[in-house]
Amino acid sequence: MRHFLFAVFALLLSVGGFLLPAGAWAQDAVAPNACVPPSYRNDVRPDPDGEPTEVTIGMLIADLVAISDVDQSISVDVVLRMRWTDPRLAAYEGCKLPISAIWFPELILKNSGRMFSRWPETVSIEEGGRVTYQQRVSGSFSTYHKLEGYPFDPVEISLRFYPLDWSIEKLVFKDDPGFTGSAPLLNISDWRLLSVEAAVQTQDINGFHQTRASYELKITAARYTSYYFWKIMLPISMIVVMSWFAFWIDPKEFGTQIGLSATSVLTMVAFIFATTNLLPRLGYFTMLDKYVAASTVFVFIALFQSLATGYMTSQGRHALALRLDRISRVVFPLGFIVTCVMFYTALV
């Protein structure tokens with residue numbers, strides 16, 4: 001009986017040897033991962049006692065989704081590339097490592113908004129410990145651009161980045177001109193991109209009492225002004241011209257003359273309210289605001305002129321009223337043309 005039990009036990013051991021993985025018998029059989037630095041401090045930059053670590057940085061505009069004058073914001077999609085040398089990683093050429101496993105210069109965007117990373121947070125290790133980080137970042141960010149010449153002036157938008165934890169004594173930026181620009185086809189339809197430039201500067205960070213390197217991406221864009229001409233400027237001009245029709249109505253037809261002038265005023269007011277959401281709300285007048293305001297003044301003056309000629313006619317001065325109408329037929333169009341020329345000269 002004893003020999004029989006021993007034979008059964010030996011048989012079970014032999015069968016289990018085939019069913020169980022080899023690692024269950026020998027823990028030493030698991031090979032270490034060749035792309036994981038065994039003794040590496042990711043809180044220590046390369047050569048901490050030497051010169052500041054130089055990080056080459058560049059950005060490409062992959063897509064420009066929207067530029068909002070009303071909200072003072074930009075929705076953009078950029079490809080970021082950073083390169084630096086870490087001699088401690090020279091033995092890991094060809095590896096891809098997560099940024100959490102190595103020293104990584106994390107960036108902060110000065111503009112309000114949130115960045116979303118779309119690619120894996122990894123770096124590639126090349127010969128000599130050359131580290132390359134490439135990421136596609138998207139988001140909507142606050143901007144500030146002057147709008148005195150809106151909508152006919154080009155707009156300069158800046159996105160400024162700086163390192164989170166490293167002062168200028170420990171980390172410096174270097175521009176990567178070969179990785180600055182934009183994609184040939186962008187998703188935005190009402191703007192055209194004029195230029196994309198990069199600048200490496202220094203910046204004093206409030207609250208940190210430090211001077212840090214900064215990378216500024218400057219985007220210059222211009223609006224397609226045909227939209228504003230056909231949707232706003234031309235209809236307003238037509239309302240102004242409509243108010244002049246009262247000058248061809250005999251002042252004896254006082255009710256018809258006043259009715260046409262009042263209709264012009266009400267039409268202008270309604271149109272301004274209808275287009276309010278299309279225009280940015282600012283504490284100063286833009287060029288388009290000035291044009292709208294000047295046109296409104298012309299319409300109201302035409303109303304007052306109709307009141308004046310009607311009053312003259314009621315007082316028996318019909319001839320004077322007709323003469324004022326004839327003068328207005330020339331003065332009003334001429335004054336409006338001069339005003340438009342002045343706006344155009346200011347833009348040019």
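Computed from backbone phi with θ = phi - 60° and the Karplus coefficients 6.51, -1.76 and 1.60, the 3J(HN,Hα) list for region 178-195 is x, 10, 10, x, 8, 5, x, 10, 10, 7, 7, 10, 9, 10, 10, 7, 8, 6 Hz; x is used for glycine and proline. Dividing the Cα radius of gyration of region 247-300 by 2.2 N^0.38 Å, with N the residue count, gives 1.45. Between helix 318-347 and the chain there is an angle of about 20 degrees, using the helix long axis and the longest principal axis of the Cα atoms.
Each Cα pair under 8 Å and six or more residues apart adds its separation to the average, and for the chain the resulting relative contact order is 15 percent.
For the chain, the alpha carbon positions stretch 140, 61, 37 Å along the principal axes, listed from largest to smallest. For HIS209, HIS145, the ranking by accessible surface with the largest value first comes to HIS209, HIS145, using a 1.4 Å probe.
Summary value for region 91-170: 37 percent relative contact order, contacts being C-alpha pairs under 8 angstrom separated by 6+ residues. The largest accessible area among MET242, MET342, MET82 belongs to the first residue in MET342, MET242, MET82, and the rest follow in falling order (1.4 Å probe, all chains). Taking the C-alpha atoms only, the angle from helix 287-314 to the longest principal axis of the chain is near 20 degrees.
Once the Cα atoms are used to define both axes, helix 2-19 deviates from the longest principal axis of the chain by about 40 degrees.
Peptides 277-285, 161-169 ranked from most to least packed by the mean count of surrounding Cβ atoms within 10 Å: 161-169, 277-285.
Most tightly packed first, judged by the mean number of other beta-carbon atoms within 10 Å of their residues, the peptides 210-217, 227-234 read 210-217, 227-234. Within the shell of other residues whose beta carbon sits under 14 angstrom from the beta carbon of ASP43, the net charge comes to +1, with Lys and Arg scored +1 and Asp and Glu -1.
Couplings 3J(HN,Hα) of region 146-153, computed from phi: 5, 10, 4, x, 4, x, 9, 9 Hz, in residue order, whole Hz [Karplus 6.51 cos²θ - 1.76 cosθ + 1.60, θ = phi - 60°; x for Gly and Pro]. Checking Cβ-Cβ separations below 4.7 Å across the chain identifies CYS340 as cysteines lacking any candidate disulfide partner. Calculated mean residue ellipticity at 222 nm for the chain: -11000 deg cm²/dmol, from DSSP H runs with n ≥ 4 weighted as -39500 (n - 2.57), summed, divided by the residue count and rounded to 500. For region 46-155, the set of GluC sites (Glu not before Pro) satisfying both a DSSP loop assignment and a count of at most 10 other C-beta atoms within 10 Å is given as GLU106.
Could you please state how large a percent of the accessible area of the chain is carbon and sulfur, counting protein chains only and using a 1.4 Å probe? On the chain, the fraction of accessible area on carbon and sulfur atoms equals 61 percent.
The values are calculated or read from the model by the stated rules, or taken from the named source; none is laboratory data. Everything numeric here is computed off the predicted structure, so don't read it as measured data. Here the Cβ is made from the backbone with ideal geometry for all residues, glycine too, and neighbour counts use every protein chain on show. For the accessible areas, the whole protein counts, side chains as well, though only heavy atoms, and no ligand, DNA or RNA atoms are used. Shrake-Rupley method; radii C 1.70, N 1.55, O 1.52, S 1.80 Å.
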